[in-house]
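The values are calculated or read from the model by the stated rules, or taken from the named source; none is laboratory data. Here the structure is a predicted model, which is why all the values come from computation and not from measurement. Here the Cβ is made from the backbone with ideal geometry for all residues, glycine too, and neighbour counts use every protein chain on show. Surface areas here come from the heavy atoms of the whole protein model, side chains and all, with no ligands, DNA or RNA. Shrake-Rupley method; radii C 1.70, N 1.55, O 1.52, S 1.80 Å.
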Amino acid sequence: MTERLKVAVLGAAGRMGRTVVEAVESAEDLELVARVDADGDLSAVTDAGAQVAVDFTVPSVTEANVHTLVDAGVHVVVGTTGWDDAALGRVRDHLVHAPAVGVLVAPNFALGAVLTMAFAAQAARWFESVEVVELHHPDKVDAPSGTARHTAAGIAAARAAAGVGPSPDATSQQIEGARGADVDGVRVHAVRLRGLVAHEEVLLGNPGEMLTIRHDSFDRISFMPGVLLGVRQVARHPGLTVGLEHLLDLGGRR
Ligand SMILES: NC(=O)C1=CN([C@@H]2O[C@H](COP(=O)(O)OP(=O)(O)OC[C@H]3O[C@@H](n4cnc5c(N)ncnc54)[C@H](OP(=O)(O)O)[C@@H]3O)[C@@H](O)[C@H]2O)C=CC1
Ligand SMILES: O=C(O)C1=N[C@H](C(=O)O)C[C@H](O)C1
């Protein structure tokens, strides 16, 4: 029998962590060897011989977790959001000294969300206006969502490459925040509402028409095929990979 891949889950007691634990335990080719919670110690990951660690913790600890795991030679799949370019750059630099280790940071593991981002980047070249609206459960700590930030960055890069200018906006007076956050020149609006899980709309406007691209995660199970794909493939992608699209042959900026 082929040996099962040994997996550790960080943030195992959280909403996503619990779902990942179940998914790993149900996969015949994977073996859950460690769970780390807020009061736990990362040494449990190496003590258990984990080959891959999955991090669904909180924005304030995820980067430090990744550096510790890279030093230990453990591949990492990161779902935790709140990453910025500087933090990603530090991980990229660190990995130069651990060339066999792979780190995948993906703001969204749901296939539909990854496709939404790809479709939005493709469409954004052809519309005068584009704005992103993300909608989540009210227990979420970061805003805008990592997905919305990645969506806006992809849209901005596609528009810049195509020579498309900024979305028109005559606002000269506003209550602070009314026009949302500015992510690479794209307006992003965050809604927090009890009953929601994770949702995103990309609104694209031209004279006389509007295209809406919308994705809904109604259940955290929607993220599991992507997480398991990352766990199985991360070792084959040494260095830093940002976004699941690169494992799905959907391209985009790295
Ligand atoms: N990439 C994707 O597809 C998705 C990403 N996410 C992201 O995943 C992250 C987690 O979301 P969610 O599960 O809803 O959040 P939760 O708050 O439910 O879970 C986070 C867990 O991490 C624990 N934790 C805090 N510090 C540590 C630590 N140092 N070591 C281990 N565990 C720790 C928390 O414990 P305590 O509560 O005791 O502090 C909590 O149990 C968020 O950043 C979210 O945006 C969410 C869904 C999908
Ligand atoms: O906190 C969440 O729930 C989610 N977070 C991720 C994000 O910030 O994009 C992914 C998904 O939207 C769910």
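Can you tell me which residue among Ala38, Ala86, Ala64, Ala48 is more than 16 Å from ligand 2 (Cβ to nearest atom) and over 22 Å from the mean Cα position of the chain (by Cα)?
Among Ala38, Ala86, Ala64, Ala48, only Ala48 is more than 16 Å from ligand 2 (Cβ to nearest atom) and over 22 Å from the mean Cα position of the chain (by Cα).
Kindly indicate which of Ala38, Ala53, Ala72, Ala27 is more than 19 Å from Val234 (Cβ to Cβ) and touching a residue at least 24 places away in the same chain (Cβ under 8 Å).
Every option except Ala38 fails the conditions.
Filter region 196-220 down to the residues that are free of Cβ contacts under 8 Å to residues at least 24 places away in the same chain, more than 18 Å from the chain's Cα centre (by Cα) and in a loop (DSSP other than H, G, I, E, B) and list them by number.
Gly208
Give me a count of the residues in region 63-74 that are open to solvent by 10 Å² or more (accessible area, probe 1.4 Å) and on the phi < 0 side of the Ramachandran plot.
7
Which one of these does Val77 not meet: (1) within 15 Å of ligand 1 (Cβ to nearest atom); (2) open to solvent by 40 Å² or more (accessible area, probe 1.4 Å); (3) among the β-branched types (Val, Ile, Thr)?
The single condition Val77 does not satisfy is (2).
Select from region 172-194 the residues that are surrounded by 13 or more Cβ atoms within 10 Å (Cβ to Cβ) and more than 21 Å from the chain's Cα centre (by Cα) and list them in ascending order.
Correct list: Arg179 only.
Out of all the residues in region 137-154, is one or more outside the structural domain of Thr62 (by the TED database), open to solvent by less than 70 Å² (accessible area, probe 1.4 Å) and more than 16 Å from ligand 2 (Cβ to nearest atom)?
No.
For region 201-219, give me each residue that is over 20 Å from Arg149 (Cβ atoms) and surrounded by 16 or more Cβ atoms within 10 Å (Cβ to Cβ).
Listed by number, the residues that qualify are Gly205, Leu211.
Being among the aliphatic types (A, V, I, L, M) and closer than 14 Å to Val114 by Cβ is the filter here; which residues of region 214-240 pass it?
Residues satisfying the conditions are Met224, Val227, Leu229.
Considering only residues that are open to solvent by 50 Å² or more (accessible area, probe 1.4 Å) and either touching a strand residue (DSSP E or B) at 6+ places or on another chain (Cβ under 7 Å) or more than 15 Å from Ala181 (Cα to Cα) (or both), which ones fall in region 155-171?
Selection gives Ala160, Ala161, Ala162, Gly163, Pro168, Ala170.
So, Ala100, is that one part of a loop (DSSP other than H, G, I, E, B), open to solvent by 30 Å² or more (accessible area, probe 1.4 Å) and farther than 26 Å from Asp219 by Cα or not?
Yes.
In the set Asp55, Asp47, Asp39, which member is modelled with pLDDT under 95 and either out of contact with any Asp or Glu (no Cβ under 8 Å at 6 or more places or on another chain) or crowded, with 19+ Cβ neighbours inside 10 Å (or both)?
The conditions single out Asp39.
Yes/no per residue for (1) within 30 Å of Ala153 (Cα to Cα); (2) assigned by the TED database to the domain that holds Asp142; (3) assigned to a loop (DSSP other than H, G, I, E, B):
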site	(1), (2), (3)
Glu22	no, no, no
Val33	no, no, no
Ala38	no, no, yes
Ala50	no, no, yes
Ala64	yes, no, no
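Go through region 119-138 and report how many residues are in contact (Cβ under 8 Å) with a residue 40 or more places away in the chain and either in a loop (DSSP other than H, G, I, E, B) or in contact with a helix residue (DSSP H, G or I) (Cβ under 6 Å, 6 or more places away or on another chain) (or both).
The number of residues fulfilling the criteria is 10.
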